[in-house]
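All remarks here apply to the structure that follows.
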């Protein structure tokens, strides 16, 4: 298994879109699979190069996992990204690939001037890779959260999230209520 940066200009984009579609169809149903596949296509097609980073896990020349980080604009102008979405091939789940891929991506972000990373998902999973639950009193999510306990963040600089009352704005592809 090896982990690497996604070259979004390469022809592997359709393989990545297919991975997300299959994974989310299997776990949440065909409609969710199509929606997340469309989200990934939109992220790739509409997000500027400086506002998106993608990372893949490759096993035997096949992409078996992928994550995306996109810019999250904060009112304080601190540099932040949001991790979303994450997919690991169904037959490869439970092997730690997702966690290793996230750690790989976070290490890459630490080498950049990124201060904070957010995500919206299962606290039990994301806490294993350093995310902690935060309140919207600390940083308000870009749109209304259907599950507020899933709003998570981590500092890449000092371990503390020392903010209160911040607002945030995500990239256009994520700026749809259906994803929140």
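The values are calculated or read from the model by the stated rules, or taken from the named source; none is laboratory data. Source: prediction; values computed, not measured. Every residue, glycine as well, gets a Cβ built from its backbone with ideal geometry; the counts of neighbours run over all protein chains shown.
Give the residues of the stretch 88-101 that are outside any loop (DSSP other than H, G, I, E, B) and more than 21 Å from residue 5 (Cβ to Cβ), sorted by residue number.
Restricting attention to the stretch 88-101, the residues satisfying the condition of being outside any loop (DSSP other than H, G, I, E, B) are 88, 90-92, 97-101.
Hits for the stretch 88-101 are 90, 91.
Could you please tell me which pairs satisfy a Cβ distance under 8 Å, a separation of 6+ or placement on different chains, a first residue in the stretch 56-76 that is closer than 10 Å to residue 87 by Cα, and a second residue that is part of a loop (DSSP other than H, G, I, E, B) and at pLDDT 95 or above?
Going by the 8 Å Cβ cut-off, the qualifying pairs are 64/89; 65/89.
Read through the list (1) in contact with a helix residue (DSSP H, G or I) (Cβ under 6 Å, 6 or more places away or on another chain); (2) closer than 23 Å to residue 142 by Cα, then give the number of the only condition that residue 80 fails.
Tallying (1) in contact with a helix residue (DSSP H, G or I) (Cβ under 6 Å, 6 or more places away or on another chain); (2) closer than 23 Å to residue 142 by Cα, residue 80 fails exactly one: (1).
Within the stretch 73-97, track down each residue that is more than 11 Å from the chain's Cα centre (by Cα) and crowded, with 20+ Cβ neighbours inside 10 Å.
Our first condition is that a residue be more than 11 Å from the chain's Cα centre (by Cα); within the stretch 73-97, this holds for 73-80, 88-97.
Listed by number, the residues that qualify are 80, 88.
Yes or no: residue 8 outside any strand (DSSP E or B) and under 27 Å from residue 142 (Cβ atoms)?
Details: outside any strand (DSSP E or B): yes; under 27 Å from residue 142 (Cβ atoms): yes.
Yes: the conditions hold for residue 8.
Go through the residues of the stretch 19-35 one by one and say whether even a single one is modelled with pLDDT under 95 and farther than 17 Å from residue 108 by Cβ.
No - not one qualifying residue is present in the stretch 19-35.
Please return the ranges of strands (runs of 3 or more DSSP E) entirely within the stretch 102-180 where 3 or more residues are under 13 Å from the mean Cα position of the chain (by Cα), in contact (Cβ under 8 Å) with a residue 12 or more places away in the chain and buried (at least 19 other Cβ atoms within 10 Å of the Cβ). Can you show your working first?
Values: elements: 116-120, 151-155, 168-170.
In the stretch 102-180, 116-120, 151-155 are the strands (runs of 3 or more DSSP E) which contain 3 or more residues that are under 13 Å from the mean Cα position of the chain (by Cα), in contact (Cβ under 8 Å) with a residue 12 or more places away in the chain and buried (at least 19 other Cβ atoms within 10 Å of the Cβ).
Which count do you get for residues in the stretch 26-52 that are touching a strand residue (DSSP E or B) at 6+ places or on another chain (Cβ under 9 Å) and either in contact (Cβ under 8 Å) with a residue 60 or more places away in the chain or outside any helix (DSSP H, G or I) (or both)?
As a first pass, look at the stretch 26-52 and keep what is touching a strand residue (DSSP E or B) at 6+ places or on another chain (Cβ under 9 Å): 36, 39-40, 43-44, 47-48, 50-52.
With either in contact (Cβ under 8 Å) with a residue 60 or more places away in the chain or outside any helix (DSSP H, G or I) (or both) added as a condition, the list becomes 39, 43, 47-48, 51-52.
So the answer is 6.
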